[in-house]
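**Q** Okay, handing you the structure first.
The values are calculated or read from the model by the stated rules, or taken from the named source; none is laboratory data. Quantities reported herein were computed from a predicted structural model and do not represent experimental measurements. Here the Cβ is made from the backbone with ideal geometry for all residues, glycine too, and neighbour counts use every protein chain on show. Surface areas here come from the heavy atoms of the whole protein model, side chains and all, with no ligands, DNA or RNA. Shrake-Rupley method; radii C 1.70, N 1.55, O 1.52, S 1.80 Å.
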Amino acid sequence: MVIASVTAESNERIRTLEYPVVDLSWKRGRAAELLVRACEEFGFVKVVNHGVLRSVIAKMEAEGARFFALPPCEKQKAGPPTPLGYGIRSIGFNGDMGELEYLLLHSNPSYISQKAKTICRKDPIHFSGVVNEYVKQVRQLACQLLDMVGEGLGLQDTRVFSRLLQDSENDSLVRLNHYPPWPGSDRAGGDADREPAAGKSRDKRSGGRIGFGEHSDPQILSILRSNDVDGLQILSAEADDGGVWIPVPADPAAFYVIVGDSLQAMTNGRLVSVRHRAMANSCRPRTSTVFFGAPSPGTRITPLPQMIRPHAPRRYKSFTWAEYKKAMYSLRLGHNRLDLFLADPDDRDQDSGGISN
């Protein structure tokens, strides 16, 4: 059932619906089919019975809670974000702001071990062990899902996507987010009508504060989980007026899979990179952890030959992951980066698609 409502202070529509869920205990062929369908229609899917151990998740969440509970002077020793490290409110280098603090880390075990010395001075070995184990298991989940996507798309090489995350030089990241509570945002009127204080941000269309603004993820696939506090919203592009926001109820037992720009490019637009945001709209703190699966910097990304057809001509130019990152850092958070890499109408290189290192 789909229900659309209009917020009191704007014409922005918030829609509730039964968004796609894939249970990995189902028969693999059926699960793969539904996974691809969800990635085509939404660019987003909730995954249950995912196989990541609860103990691994709990330890990761506990380490994040311990870090964010430290005094500001201690947390700042892990920053500033360049772009890795500890950051607060400022997102990127182009003026984007959010109502959060975060810790962004490369997934490389040696990097995590080194960075742990400034994050958890009391026991950096324990911290790095917890994070590395979490990354290991969630990367395995990401690879499993990407293999299923390959199967669901009918690719001859079903591991073409997952190999990119298994490359020793892969550029995958993990980010821990902490959204402090903002009393008043759940009430009609009240604080929602006041101007935000200096350094704060607010969505003037919906009246709520932006935790992390509207954007798509540039990587291949993102695997997200949060505590039991709502805040995540995805943008449906079905409506003629630019889409409607779909709130995603929190479920700490599940993972949420988000298609990234790179996977959209590799599938020639068949799978969609969903735009999403996080709202700081609760009287309770929200925490989330995101694994961003990315290829190595030198990997060349271009539509796979099997994704190019007479009725689906090539949509994107070839680019390396390093080139795409450079473009990403030069733009504001909400910019549609893939627009910079649209293929020319007279592009004749339609049969040389694929991925190479």
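**Q** Check cross-link reach from residue 27 to the lysines: straight Cα distance under 20 Å, and skip same-chain residues fewer than eight apart.
**A** Within reach: 46.
**Q** Keeping every protein chain present and rolling a 1.4 Å probe, give me the accessible area per residue for region 45-141 in Å².
**A** Working: 4710 Å² over 97 residues.
Per-residue value: 49 Å².
**Q** List the pairs from 75/136; 59/325; 75/115; 77/136 whose alpha-carbon separation is above 21 Å, in the order I gave them. Mind showing how you got there, number by number?
**A** Numbers: 75/136 25 Å; 59/325 31 Å; 75/115 12 Å; 77/136 26 Å.
In this structure, 75/136; 59/325; 77/136 exceed 21 Å between Cα atoms.
**Q** In nm, to one decimal, how far is the modelled label at residue 110 from the one at residue 56, with both set 7 Å along Cα→Cβ?
**A** About 2.3 nm separates the two model spin labels.
**Q** OK, next. To the nearest 20 Debye, how big is the dipole of region 19-158 about its Cα centre, given +1 on the beta carbon of each Lys and Arg and -1 on that of each Asp and Glu?
**A** Dipole magnitude for region 19-158 comes out near 560 debye.
**Q** Rolling a 1.4 angstrom probe over the protein heavy atoms, how many square angstrom per residue are accessible across region 255-343?
**A** Details: 3150 Å² over 89 residues.
Heavy-atom SASA per residue in region 255-343 reads 35 Å².
**Q** How much of the accessible area of region 252-318, probe 1.4 Å, is carbon plus sulfur, in whole percent?
**A** Of the solvent-accessible surface of region 252-318, carbon and sulfur hold 57 percent.
**Q** Taking the Cα centre of region 237-334 as origin, sum charge times position over the Cβ atoms of Lys and Arg (+1) and Asp and Glu (-1), and report the length of that vector in debye to the nearest 20.
**A** So the magnitude is around 360 debye.
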